[in-house]
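Here is the structure we will look at.
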Amino acid sequence: MSIQEINKHAVLPPIISRSDKEFLESMQRYIITETERVGCTEEGPADEYYIIYRNVFDKVIEYVTAYKSILTSIKKEYDAFIETMKEGQRTAFCLHGKLKALAAEPTALVYHRKRTIQLETKKRVIENNSSKIQLQIDKMKQLRAEYDAKEVRYHTFSKDPSKPIPGMTLQESVNLVALTKYLKHLEDKYAEIKQAMLKKYVPVQRKAELDEEMIVTLKRRDLAENLNKELQFRFNDLMSLGEYEKAACFAANSPRRILQNIGTVNKFKAVGKIRGKPFPLLLFFETIFSTSHACRRPIDAELTLEGIKCGLSEKRLDLVINWVTQERLTFSEELGDVICDYGEQDTYNKAKCLALAQMIYSDCGLHKKALLCLCKQGQIHAAMEYIQQFKDFTYDDLMQLIKLCPHTELIQCLTREWNGKPPSLSFGLAILHLFSVDMKKVGIKLLQEISKGGKGIVEHLMINDPFFSLENWQEMANICLQNGFDKLSHDIMSILRSQAGVTEISEEDDTVNLMEHVFW
């Protein structure tokens, strides 16, 4: 019988007196309370059940007087039986591990035999290739010996110098500039051939060095494979025993981060959540991120993304902030997107999430998204400095920024001079764009701000806006008129008429533009 079954069927002897009944009820309440507090279920854990019932047994022995010696003897037998069962479980677990190791031996033997066959086949191929190369070498040596044995007469010139130079005309062959150019061409060709010879052919001594390097590399690979298998077996033992904190520390401190991979993450995911204990997956990421400063290389992008997702799913933004700011992770665009999406759901911490995402985007060189995060935080001046610092933003980029973040202050800063530099956007084109993309409210708000400044502000905008044509200003006047800004519309048309060289044409004459405009 299991410990749970023994405890389930354990019944105290019948007690007659009222005080005994009250004592029995208090013991039953104690059992229920302690069981709920430690989170025990019928399936386990058995140790907690044993501790609870052992305490109850001690209290019963302490309470009774007539049966104290008998109950003490029974409890000793109960403790001895429980200890025997635990020892049996430990023995069974140990035997199970040995059985797994024995079961893996035939597989390893088959693998080694298969590897032996592969190496023997490769050896035969290498030997055949070596034989062919040796035959070619012997043939070349023979031809060289035959050539050296012949009598060779040496002449001052290999070719008749009176003949034209190959590749050159007669006129070019007597032209010093052409000859110099052709000499340079020959020297370049010689250097190219010499460089190609160095790349295609290496000395025999170098081949021996490469063979030694290959042997050393193969030995390192074999050692790494053996170490990986050994570490996996230790790690799997800890996971099977439920020692998740030790398993996380073991994986974090594994040599060359062998156990810090998605396979390990999936094992912790499979465990799930345990009542009354820390989430094993979050525990794993806390451990590897906190020890990452001891390694030369940061945590890779895939593990970083999984860790941040885990922290956000557990609503541990404090951990995420600490992980990101310690700069021992590998940032990516997807990581910034995940944090931004979390900020949209958790409006209370939206500003913190935007700041983290902006840091990540900047580090990845994603300046458009970093600028958008600054604007969404309301840091308009910082955003303008960012635009001045990174001059890669095009006109379309800034118009898209206005569409995604239609802040009045942002649009005003973009359409005015900043630190002595010309405006980044045309105010008029920005207004027309807002009305064309169904953002009429923002456009009207900007028109209200302009109308407050009077005719002088409007004239300043019109004269200093080189991107806005005459037809555009007339369209702007029509928009103002349609949206109740009659005075602003009248001011625009009045300024246009007051400019030198402006002539208004009647609508009947369709052979010319409505207005012609020249700024002097």
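Summary table
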{"read-out": "Selected residue (criterion: modelled with the lowest pLDDT) from residues of region 139-169 that are over 30 Å from Lys184 (Cα atoms), surrounded by fewer than 10 Cβ atoms within 10 Å (Cβ to Cβ) and not aliphatic (A, V, I, L, M)", "value": "Arg153"}
{"read-out": "Matching option when the condition is under 18 Å from Glu286 (Cα atoms), under 39 Å from the mean Cα position of the chain (by Cα) and open to solvent by 80 Å² or more (accessible area, probe 1.4 Å), among Asn253, Asn226, Asn261", "value": "Asn253"}
{"read-out": "Qualifying residue in region 282-300 (condition: under 21 Å from Gln358 (Cα atoms) and of a type in the set (Gly, Ala, Ser))", "value": "no"}
{"read-out": "Qualifying residue in region 309-323 (condition: of a type in the set (A, V, I, L, M) and in a strand (DSSP E or B))", "value": "no"}
{"read-out": "Subset tally (residues that are open to solvent by 50 Å² or more (accessible area, probe 1.4 Å), within 24 Å of Leu317 (Cβ to Cβ), not in a loop (DSSP other than H, G, I, E, B) and not small (Gly, Ala, Ser)) for region 264-290", "value": "2"}
{"read-out": "Any hit, region 344-352, residues being among the polar types (S, T, N, Q), open to solvent by less than 30 Å² (accessible area, probe 1.4 Å) and within 30 Å of Asn483 (Cα to Cα)", "value": "no"}
{"read-out": "Test result for Arg257, in contact with a Cys (Cβ under 9 Å, 6 or more places away or on another chain) and farther than 30 Å from Val38 by Cα", "value": "yes"}
{"read-out": "Leading residue by the ranking (most open to solvent (accessible area, probe 1.4 Å)) among those in region 291-324 that are of a type in the set (Ser, Thr, Tyr) and touching a residue at least 12 places away in the same chain (Cβ under 8 Å)", "value": "Thr291"}
{"read-out": "Selection status of Ser362, surrounded by fewer than 21 Cβ atoms within 10 Å (Cβ to Cβ) and under 24 Å from Leu283 (Cα atoms)", "value": "no"}
{"read-out": "Test: residue in region 367-376 that is among the aliphatic types (A, V, I, L, M) and surrounded by fewer than 19 Cβ atoms within 10 Å (Cβ to Cβ)", "value": "no"}
{"read-out": "Whichever residue in region 96-126 is open to solvent by 100 Å² or more (accessible area, probe 1.4 Å) and either hydrophobic (A, V, I, L, M, F, W, C) or touching a residue at least 60 places away in the same chain (Cβ under 8 Å) (or both) and, among such residues, is farthest from Asn236 (Cα to Cα)", "value": "Ile117"}
{"read-out": "Residues (at pLDDT 80 or above and out of contact with any helix residue (DSSP H, G or I) (no Cβ under 9 Å at 6 or more places or on another chain)) located in region 390-416", "value": "Thr394, Asp396"}
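The values are calculated or read from the model by the stated rules, or taken from the named source; none is laboratory data. This structure is a prediction, so every number in the text was calculated from the model and none was measured. Note that each Cβ is placed from the backbone with ideal geometry, even for glycine, and that neighbours are counted across all protein chains shown. We work out accessible area using only protein heavy atoms, side chains counted, and drop any ligands, DNA or RNA first. Shrake-Rupley method; radii C 1.70, N 1.55, O 1.52, S 1.80 Å.
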